[in-house]
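The values are calculated or read from the model by the stated rules, or taken from the named source; none is laboratory data. The shown structure was predicted, so the numbers you read here are calculated from the model rather than taken from an experiment. Because the Cβ atoms are built from the backbone with ideal geometry, glycine has one as well, and the counts that use them run over all protein chains shown.
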Amino acid sequence: MALFKRKISLPMQVLIALVLGVIVGLLLYGQDQVANYIKPFGDVFLNLIKMIVIPVVFCSLALSISGVGESKTVGRYGWKTILYFEIITTIAIALGIILANLFKPGQGLDRSKLPSGDISKYQTTAQAAEHSTYGNHFIDTIVNIVPTNFFEALTKGELLPIIFFAVFFGLALAAIGEKGEPVKAFLSGTLDAVFWMINKILKLAPLGVFAFICTTIITFGASALLPLLKLVLLVVFAMVFFILVVLGIVAKMCGVSILSIIKILKSELLLAFSTSSSEAVLPSMMKKMEEFGSPKDIVSFVIPIGYTFNLDGSALYQSIAALFVAQMYGHHLTLSQQIMLMVTLMVTSKGMAAVPGTSIVVLLTTLGAMNIPAAGLALIIGVDRILDMVRTCVNVCGNALSTVVIAKWENVYDKEKGQKYLESIKKINLTFLYRAIELGFLMVTSKINQILTKGSGI
């Protein structure tokens, strides 16, 4: 009876749901009609999360800035944050280009044997984005930070205009003194209520994870990975290398371990991986990084901005994918052209960060600018959904670490608080974890073997 009374932690529930989703997805591979009945459960969960993202960002940021009270301090946060984001994103793009040149994942591939996907919706989005007001997507993004209608920005979920208004509003609350106290109390009460909602919504995370993973496997199966296995392995290797080495070095310079951040965010990373959505973990990530020692004002300022300006995983993937398509079509890019590719990705990724299907849209625009056949992206759509899950985890890790970097830069990081929080986290039952992974691995390999055997006619 004691076994059944023991409460299973949320990370373990999510992991179980992920494994079950893979198993059920493989068993139901190709049953698209069944997927249509499972996917709504995941969409409802994601909608619930998105519903409370904006209130969390606005209330926490306005409260934090009102506590800081000085526009000079906010400005200092701003330029340090943007500078760090630009440096780390440049490193991510450069790493992708170097690895793509070393391993050449697109060289020698027969395009006729690759499954072709539909990229028409992404082409439409890219074409719409090309109509720039000022002739430059980055300049457009900067101008559009200032909202013409704050409530319109709220309804559209545009983070940057909301952040701008929240910062300005927080400074106003600080300036009016005691008159702003009732507003602060209202925002504080609203934030407490929203976090109560978050705790209730997260109980549905295992259901959402199961639905997302299951429908992904049902739709694409394991067979979509096989022709592009070299690309998949290279992207996964690049992501792991970036987290452990690049972010690891940055974390070490700040006096923390990247593995510690991964440990405290284990449930968020599993959720982000399963849903391919960074938004799904934004509220809980902000709360945990505050508990890890980063001040509330820095956390509430840096993380939302990072959702537009610090997509390390996406930038890394885009650079590899761009060279993959070029190699597949036999286009040799000179050193100067690859440097131009890096610059183009820096600009286009910032200008389109809030567009749905960002990575594909950015790649369509970038390849067009480099005179590389954008149609090649249709050949990697099948694995893009899988790779999207991996790069989302990198985005989450990068944004989480950025709060520690800025806090350390400001000499306000509370290392002692972070260590105490880290020690308070209960360890996962490793035995059960290994068994779950082993079971999932055996089921996946068995199904892949069946597909290969069937395909070979044996």
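With free of Cβ contacts under 8 Å to residues at least 60 places away in the same chain and either small (Gly, Ala, Ser) or buried (at least 16 other Cβ atoms within 10 Å of the Cβ) (or both) as the only criterion, which of GLY42, GLY108, GLY25 stands out?
Working: GLY42 fails: free of Cβ contacts under 8 Å to residues at least 60 places away in the same chain; GLY25 fails: free of Cβ contacts under 8 Å to residues at least 60 places away in the same chain.
Just a single option satisfies the conditions, and that option is GLY108.
Name the residues in region 179-208 that are of a type in the set (D, E, K, R) and surrounded by 12 or more Cβ atoms within 10 Å (Cβ to Cβ), would you? Spell out how you get there, then give the answer.
Just the residues of region 179-208 that are of a type in the set (D, E, K, R), to begin with: 179, 181, 184, 192, 200, 203.
Once the filter is applied, which keeps residues that are of a type in the set (D, E, K, R) and surrounded by 12 or more Cβ atoms within 10 Å (Cβ to Cβ), region 179-208 yields GLU181, LYS184.
Considering each of ILE176, ILE162 in turn, give the residue that is buried (at least 16 other Cβ atoms within 10 Å of the Cβ) and either modelled with pLDDT of 85 or more or touching a strand residue (DSSP E or B) at 6+ places or on another chain (Cβ under 8 Å) (or both). Working first, answer last.
Working: ILE176 fails: buried (at least 16 other Cβ atoms within 10 Å of the Cβ).
None of the others qualify; the one that does is ILE162.
Taking region 252-306 only, how many residues are in a loop (DSSP other than H, G, I, E, B) and either surrounded by 22 or more Cβ atoms within 10 Å (Cβ to Cβ) or in contact with a Leu (Cβ under 7 Å, 6 or more places away or on another chain) (or both)? Write out each step before concluding.
First, pick out the residues of region 252-306 that are in a loop (DSSP other than H, G, I, E, B): 254-257, 265, 276-278, 292-295.
With either surrounded by 22 or more Cβ atoms within 10 Å (Cβ to Cβ) or in contact with a Leu (Cβ under 7 Å, 6 or more places away or on another chain) (or both) added as a condition, the list becomes 256, 265, 277-278, 292-294.
Final tally of qualifying residues: 7.
Which of (1) in a helix (DSSP H, G or I); (2) over 21 Å from VAL22 (Cβ atoms); (3) in contact with a Lys or Arg (Cβ under 8 Å, 6 or more places away or on another chain) does THR215 not meet, given it meets every other one?
In the conditions (1) in a helix (DSSP H, G or I); (2) over 21 Å from VAL22 (Cβ atoms); (3) in contact with a Lys or Arg (Cβ under 8 Å, 6 or more places away or on another chain), THR215 misses (2) alone.
Any idea which of (1) in a helix (DSSP H, G or I); (2) of a type outside the set (A, V, I, L, M); (3) surrounded by fewer than 17 Cβ atoms within 10 Å (Cβ to Cβ) is the one THR148 doesn't satisfy?
(1)
May I ask you to verify whether LEU244 is out of contact with any Cys (no Cβ under 6 Å at 6 or more places or on another chain) and either surrounded by fewer than 20 Cβ atoms within 10 Å (Cβ to Cβ) or within 19 Å of PHE273 (Cβ to Cβ) (or both)?
Working: out of contact with any Cys (no Cβ under 6 Å at 6 or more places or on another chain): yes; either surrounded by fewer than 20 Cβ atoms within 10 Å (Cβ to Cβ) or within 19 Å of PHE273 (Cβ to Cβ) (or both): yes.
Against the criterion (out of contact with any Cys (no Cβ under 6 Å at 6 or more places or on another chain) and either surrounded by fewer than 20 Cβ atoms within 10 Å (Cβ to Cβ) or within 19 Å of PHE273 (Cβ to Cβ) (or both)), LEU244 qualifies.
Looking at the structure I just gave you, is ILE339 modelled with pLDDT under 90, in a helix (DSSP H, G or I), β-branched (Val, Ile, Thr) and at negative phi? Write out each step before concluding.
Values: modelled with pLDDT under 90: yes; in a helix (DSSP H, G or I): yes; β-branched (Val, Ile, Thr): yes; at negative phi: yes.
Judged against the criteria, ILE339 is a match.
Output the number of residues of region 373-426 satisfying the condition of being surrounded by 16 or more Cβ atoms within 10 Å (Cβ to Cβ), part of a loop (DSSP other than H, G, I, E, B) and at pLDDT below 90.
So the count comes out to 1.
Keeping to region 34-82, report how many residues are over 19 Å from LEU159 (Cα atoms) and either of a type in the set (A, V, I, L, M) or touching a strand residue (DSSP E or B) at 6+ places or on another chain (Cβ under 6 Å) (or both).
Summing the residues that are over 19 Å from LEU159 (Cα atoms) and either of a type in the set (A, V, I, L, M) or touching a strand residue (DSSP E or B) at 6+ places or on another chain (Cβ under 6 Å) (or both) in region 34-82 gives 5.
Please go through region 325-336 and give me each residue that is within 19 Å of ALA92 (Cβ to Cβ) and in a loop (DSSP other than H, G, I, E, B), ordered by number.
LEU333
What are the residue pairs meeting all of these: first residue in region 86-104, first residue in contact (Cβ under 8 Å) with a residue 12 or more places away in the chain and surrounded by 14 or more Cβ atoms within 10 Å (Cβ to Cβ), second residue assigned to a helix (DSSP H, G or I) and of a type in the set (S, T, N, Q), Cβ atoms under 7 Å, and 6 or more apart or on different chains?
Listed by first residue and then by second, the contacts come to ILE93/SER319; GLY96/SER319; ILE97/SER319; ILE97/GLN338; ALA100/SER319; LYS104/GLN327.
Is it the case that some residue within region 320-337 is buried (at least 24 other Cβ atoms within 10 Å of the Cβ), within 12 Å of the chain's Cα centre (by Cα) and of a type outside the set (D, E, K, R)?
No, because not a single residue in region 320-337 is buried (at least 24 other Cβ atoms within 10 Å of the Cβ), within 12 Å of the chain's Cα centre (by Cα) and of a type outside the set (D, E, K, R).
Quick check on region 229-252: of everything there that is more than 18 Å from GLN318 (Cα to Cα) and in contact (Cβ under 8 Å) with a residue 40 or more places away in the chain, which residue is nearest to the chain's Cα centre (by Cα)? Talk me through it step by step, then tell me what you get.
Within region 229-252, the subset more than 18 Å from GLN318 (Cα to Cα) is 244-245, 247-252.
When the remaining residues are screened for being in contact (Cβ under 8 Å) with a residue 40 or more places away in the chain, the result is 247, 250-251.
Numbers: LEU247: 15, VAL250: 19, ALA251: 19 Å.
Looking at residues that are more than 18 Å from GLN318 (Cα to Cα) and in contact (Cβ under 8 Å) with a residue 40 or more places away in the chain, I get LEU247.
Where residues in region 79-138 are part of a helix (DSSP H, G or I) and among the basic types (Lys, Arg), which of them is modelled with the lowest pLDDT? Before you say what the answer is, go through the steps one by one.
We begin by selecting, within region 79-138, every residue part of a helix (DSSP H, G or I); these are 79-103, 111-113, 120-130, 137-138.
Keeping just the survivors that are among the basic types (Lys, Arg) gives 80, 111, 113, 121.
Values: LYS80: 93, ARG111: 66, LYS113: 60, LYS121: 55.
Ranking the qualifying residues of region 79-138, first place goes to LYS121.
For (1) in a helix (DSSP H, G or I); (2) more than 26 Å from ILE298 (Cα to Cα), each residue gets a yes or a no:
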{"position": "GLY30", "(1), (2)": "no, yes"}
{"position": "VAL34", "(1), (2)": "yes, yes"}
{"position": "ILE52", "(1), (2)": "yes, no"}
{"position": "PRO55", "(1), (2)": "yes, no"}
{"position": "SER60", "(1), (2)": "yes, no"}
{"position": "LEU63", "(1), (2)": "yes, no"}
{"position": "VAL74", "(1), (2)": "yes, no"}
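Only one of LEU323, LEU363, LEU316 is at pLDDT below 85 and of a type outside the set (Lys, Arg). Can you tell me which? Outline the logic, then answer.
Details: LEU323 fails: at pLDDT below 85; LEU316 fails: at pLDDT below 85.
LEU363 is the lone residue from the list that is at pLDDT below 85 and of a type outside the set (Lys, Arg).
Please state which of the following conditions ALA35 fails to meet, knowing it meets all the rest: (1) within 30 Å of GLU178 (Cα to Cα); (2) surrounded by 14 or more Cβ atoms within 10 Å (Cβ to Cβ).
(1)
Any residue in region 150-175 that is under 15 Å from ASP297 (Cβ atoms) sitting within a Cβ distance under 9 Å of a residue that is outside any helix (DSSP H, G or I)? List the pairs, counting only those 6 or more apart or interchain.
Short answer, once both residue conditions are applied: ILE163/ILE145; GLY170/GLY69; LEU171/GLY69; LEU171/GLU70; LEU173/GLY69; ALA174/GLY69; ALA174/GLU70.
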